[in-house]
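First up is the structure itself, then whatever we jot down about it.
Only the coordinates and a few stated rules stand behind these numbers; no lab work does. As the structure is a computational prediction, the values presented were derived from the model and not from experiment.
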Amino acid sequence: MEPSAKADKERFKQKMPTLTRLIFILAILAGLVYAGMVALVTFVHPTQTEMTIRIPSEKLNPKPDTPK
């Protein structure tokens, strides 16, 4: 093998740089989160129900404070 070819082969065997590995892992995680959101939008259908909340009349029409 030529010296330059051997150097290229050694460079190819080296591990991925730390910053590149971090960006790659973050991109994979972002893709998984995006796929999860798409799955939720596609497969989950919310049910609409009517809701009644009783509010006491004291909260709607508070009594005026009496001056001291």
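Listing for the model above:
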| read-out | value |
| --- | --- |
| Contour minus Cα-Cα distance for A27 and E50 (0.36 nm per residue) | 4.2 nm |
| For segment 28-38, 3J(HN,Hα) per residue [Karplus equation, 6.51 cos²θ - 1.76 cosθ + 1.60, θ = phi - 60°, Hz, x = Gly/Pro] | 5, 5, 5, x, 5, 5, 4, 5, x, 5, 5 |
| 3J(HN,Hα) from dihedral phi, segment 47-58, Karplus parametrisation 6.51/-1.76/1.60, rounded to Hz, x for glycine, proline | 9, 9, 10, 7, 10, 10, 10, 8, 10, x, 5, 5 |
| Per-bin percent of Cα-Cα distances, segment 26-68 [5 Å] | 5, 14, 9, 9, 8, 7, 7, 8, 9, 8, 7, 5, 4, 1 |
